[in-house]
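These notes concern the structure reproduced below.
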Amino acid sequence: MIRLVIAFLCAAAACMLVAGALSSAQAPASSTPDLFVTQVTNSARDSFAGDTSANGRFVVIESHGDVATEKTAARNNQDGNREIFLYDYAQRRIFQLTNTKSVLNPPGSPSPTPSPSPSPSVSPSPTASPTPTPVDPTNVKIDVSNNRPMISLEGAVPVAGQHTYTIVFSSNAPVTPASFDGTDPGAPTNTDMNQEIWTYTFTVADVANLSSGAEVGPVDLTTGAFTRITNTPASTAPAAGSANGLPRVADDNRDASISDDGQVLAFVSTASLVGTGNADRNPEVFLYNRGTGIFTQVTNTADTFDAFGLPINLVFNENPCLAGSGSSYVLAFISDANLTGNNDDGGGLNNAEVYVATYNGAAVSGLKQVTKTKDNVTTGATSNVFSVGRRLSRDGKWLAFLSSRPSGESTPASAVGQPAPAQPAAAGATWRCGAFHREALMRPECLVLAPPHPERSTPRASADDGLQVEARWRDLLRRDRAIRGGTRAHD
Ligand SMILES: [Ca+2]
Ligand SMILES: [Ca+2]
Ligand SMILES: [Ca+2]
Ligand SMILES: [Ca+2]
């Protein structure tokens, strides 16, 4: 259900993207385009459009479906695990880029207690039973998946008339997500198989005019190069599926973003990629410069625990988004750490706030806390949601996120947990658009647009000053809502 919701939302986003491209295809440049919606994928299983190139030609999709238009006997997704697909509007074709299978339990494994055969019978020769399509998750020993692709908006120009695009995503396929047939790789690989960051790079000739409607190709877009970016030990070994639960692998490296020119990656890792900088293995934000091959650890935080070892504050840094090119990049992410001294909400506790920083290709500077809020003390609901995906404008000057707090708030909000009216931006306030509560539970509902560095000048009301150490479930709930918008869990 969770994925269905996301799939719907993202399908809508994909449709808008494609509709934009189609609209330009239908109308002369000088006229007002007629928007219409068209369906790109057609599957009984979920598809998620993660990103699009700047010209609207390419859309990267993750899907459990067998949604490629260029299926072959060797390259398809009948098994139904999550693969990366590339939609080329110029060709009106969908290509399957990753080609993997989950590791299944051995066929015919443990049969029940043998009963004596009452009469001689011809023993049927063992025949391989066909693998169900899609496979039964309770029969999966190690789930293999490819996740959350994003594409460089412009890509490099190797020669005139061509562009080299880079797609970044995470995968736990051993060796390479280009091809994995599901054969158990054995120890020690099969006790690792956590999610790692990968890139896929392909070069394609530009099309003169996307709006011409003339088909190009066919150009096979599955022949690009996969490159492993991270290679980390798993925080936990893979867990097989069973009647009691879905198979799971450690999502240790995830939610990658890529710069306009494809040179810089931003992602979350629970591993130490810079020395021993994340020995405690909570999620931290990292940058990777593909030109220099150097990782930069942006955040350096740690969970805190009480004398009994129970968590007081589980610290996360999640969902980095990256904009810019050359030597000027802007990074935004969400964190419940007190990174710049403005997020001590009392008792050493902090809530999820949006942060921005700049990056020159070598070093991070200007880290700043954008939002300044507290969470709802009654419900534990987060005040801010900064979901995975593109949240920054291309110039890095604007960001989009969800908040349940009134923007431009010049007076304290009404009682915590109660709906507050929409409020216009106060005179002199740096917030641009109103946000408002739609539900008493303060569920974030409204898109807030703001310049990258605004801070509220009015302190929050003291209604939630009594915030005390919360139980672990509240921390986890808060974190999940802040990074998933309350609609998507790790899966
Ligand atoms: Ca597959
Ligand atoms: Ca690994
Ligand atoms: Ca850490
Ligand atoms: Ca705060």
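Rule-based calculations on the coordinates, nothing more; no lab input. These numbers were taken from a predicted model, which means no experiment stands behind them. Reconstructed Cβ throughout: ideal geometry from the backbone, glycine too, with neighbour counts over all protein chains shown.
A few notes on this one:
- Assigned charges on the beta-carbon of Lys, Arg, Asp, Glu; the stretch 242-305 dipole about Cα centre (debye): 160 debye
- For D252, D88, D220, order by how many other beta-carbon atoms lie within 10 Å, fewest first: D220, D88, D252
- Packing rank of 386-396, 229-239, where each peptide gets the mean count of other beta carbons within 10 Å, highest leading: 386-396, 229-239
- Near-label residues of the stretch 205-246 by backbone N, under 19 Å of a point 7 Å along Cα→Cβ of A160: 205-209
- Residue order for E318, E70, fewest other beta carbons within 10 angstrom first, comes to E70, E318.
- The residue among I312, A256, N289 whose Cα reaches farthest toward the positive pole of the charge dipole of the stretch 255-372, with charges on the beta-carbon of Lys, Arg, Asp and Glu, is N289.
- Once the C-beta distance of D136 and V219 is scaled by a Förster radius of 51 Å, the resulting FRET efficiency is 0.90 to the nearest 0.05.
- Applying 0.36 nm per residue to the separation of S242 and N282 and subtracting their alpha-carbon distance, the gain on full extension is 11.6 nm.
- Segment A73-F308, length gained on full extension (0.36 nm per residue, minus Cα span): 79.0 nm
- Reference-scaled alpha-carbon Rg (2.2 N^0.38 Å with N residues) for the stretch 192-312: 1.45
- Rough spin-label spacing in nm, given labels placed 7 Å along Cα→Cβ, for A205 and N42: 3.0 nm
- Note that the stretch 382-387 has calculated 3J(HN,Hα) couplings of 6, 8, 10, 10, 10, 6 Hz, one per residue in order, obtained from phi through the Karplus relation 6.51 cos²θ - 1.76 cosθ + 1.60 (θ = phi - 60°); glycine and proline are x.
- Summing charges over all other residues whose Cβ lies under 13 Å from the Cβ of S325, with Lys and Arg as +1 and Asp and Glu as -1, gives -2.
- The charge dipole of the stretch 236-362, taken about its Cα centre with unit charges on the Cβ of Lys, Arg, Asp and Glu (plus for the first two, minus for the last two), comes to roughly 400 debye.
- Of the chymotrypsin sites (Phe, Trp or Tyr not before Pro) found in the stretch 250-319, those in coil by DSSP whose Cβ has at most 15 other Cβ atoms within 10 Å are F308.
- Simple Cβ-charge dipole of the stretch 189-301, Lys/Arg +1 and Asp/Glu -1, about Cα centre, in debye nearest 20: 300 debye
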